[in-house]
Every structure is written in structure tokens, then in C-alpha cells.
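As C-alpha cells, the structure follows; a few thoughts come after it.
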């Protein structure tokens, strides 16, 4: 019998088996569903590209196969390969013409969840995708910046995280020590490998509004919320940065009397005064804050 050992990935357990005496080497390799890059050793000697892969295996032969996936999924060798094909392939590589297909990144690394300290949600820049072993309380890695938005005056936070490489059974999702599903408006969804994510909204950070004065409700020139006009000014004075006016009671002014104070208003006063060239009449606009109002007899 012919013995063979197959190692799929470095460090992975070896798969051992036997083949019939006289089996061509190409047939054995084709039956193992290998990737595009492998290293084959026959009785301890590594085979080069010129070795005849139709070689019939002899009794007590030992074949060591190291599968090295490097992009592209398919069988490495089939029975139609000929030495001339290998020579042509070698010439193309020498001339730099042989394309090398790229594969999906499977770079993985140690997860902080396996450490005793520094267990927290964070972005692990320039690190491999985390591996988790056993049953743990996982702290997923942030894979994009947290997105904050206000919906119906409630601050909502959306975060995308990666638990690790592969399939995991996930339960008891928490925010700090509180169950996430017990929080009003909170929810989560798990996407396993191979699942299509319908939409990912990308958020962008910007500086907060600071040091800017925003006009009040009645300070907007384009949209007047409440307005009242009177031609009966009984008394008026302007002193100490304050303006006092006494008018006859009119229903149009009730909204200003009943509104919580202080609030911003814009007052337009029509005044007339004498000058050297004659009587001048014009409107004077004053932006102020109404802080007090009262009824009198």
C-alpha cells in the first residue's frame, strides 16, 4: 500500500490515508481537491516542476502533500497535464506573463477577547481579523466609526462590529451590564458569513456648533410667528438700555402677555421729528428681549 499525509493549512492537523499500489501520482492529487499551490514530497524528496506526475506509486511509497491556498478555488492537477505544459508555464513565469489571481483576505489574528485585560470595543487598526476560541464573553471590534443621529429628539447610535472570523453562536447581547433588548428602541442583528448586508450607512464626523448666535423665534426676518400693531401709544420711555411702552389693551397683544418670558422680539416704532430741512418720519427697528408685561387700570 501507498501512504500519504495531507496538511491543508500550516499548523492544521494532518489528514492521513492510503492508496492502491500503482496509482498514478496525478490521480491521487486530483482526488484530494487541492488548491492551486501545493508542495509535494515523495519519500522525503520535494518534487520539482519537471517531475512526471503520471509516475505510478510503488509499494511502501510515502507521499507528503502541503496544500497552500493562495487565491482561486479549484483542483491543482488533472490527468491532461503534460511536461510541455509545465515548460510553457515556467517560461511564462520567467517572462512575467503568468497572472496570479487574488483571493479573499483570510488574514486572522489574536482577538483581545482572549486576553485577561483590555477587553473593550475598539478598532484594531492594521490587525488581522480576530479569532475566538471556546465560549467567551466577546467584545466585538469596531469596523467603522460610530454614527450618531437624532430621531424624534432621541439620540440614536449605530455601530458595526466584527466578532471574529467564521461562524459563532451569539446570545445575550448587552450594553454595559444591561440587556440590549430591554432598552427602549434598541435592537441588534447578526450577519453570518455569506449573508448579504442590505445597506450600510457611512457616517462622517463634523465639528459641533459652538460660539455661534442663533436667532430666536421672532428674530427671523423671513418668517414672523406672531405680530401685533397699535396706533395708541399712551406712554413710552427709553433709558438704561430698556424700553418701556404703555398701550391700550388689544387682543392681538395677548400672545405676548401670555408667553413665557423672556423671549426675543423685534419692535418697529414709527417716529416723526423735526430737522433743519423739515419734518422727518421713519420706522426704527429694535431687536430686544421682552422680559416683563403687566395689566393696569
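FYI, it's all coordinate maths here, none of it is from the lab. Keep in mind that this is a model prediction, so the values were computed, not measured. In this analysis, Cβ positions are derived from the backbone assuming ideal geometry, glycine residues included, and neighbour counts consider all displayed protein chains.
With Cα atoms as the point set, region 231-273 shows a radius of gyration and Dmax of 11.8, 35 Å. Arranged from fewest to most other beta-carbon atoms within 10 Å of their beta carbon, 195, 230, 266 become 195, 230, 266.
Counted by neighbouring Cβ atoms within 10 Å, the residues 148, 51 run from fewest to most as 148, 51.
For residue 8 and residue 153, the FRET efficiency from 1/(1 + (r/R0)^6), where r spans their Cβ atoms and R0 equals 45 Å, is about 0.25. Note on residue 225 and residue 246: with the Förster distance fixed at 25 Å, the Cβ-Cβ geometry gives a FRET efficiency of about 0.55.
Of all the Cα-Cα pairs you can form in region 217-290, what percent are over 19 Å apart? Beyond 19 Å sits 44 percent of the P(r) for region 217-290.
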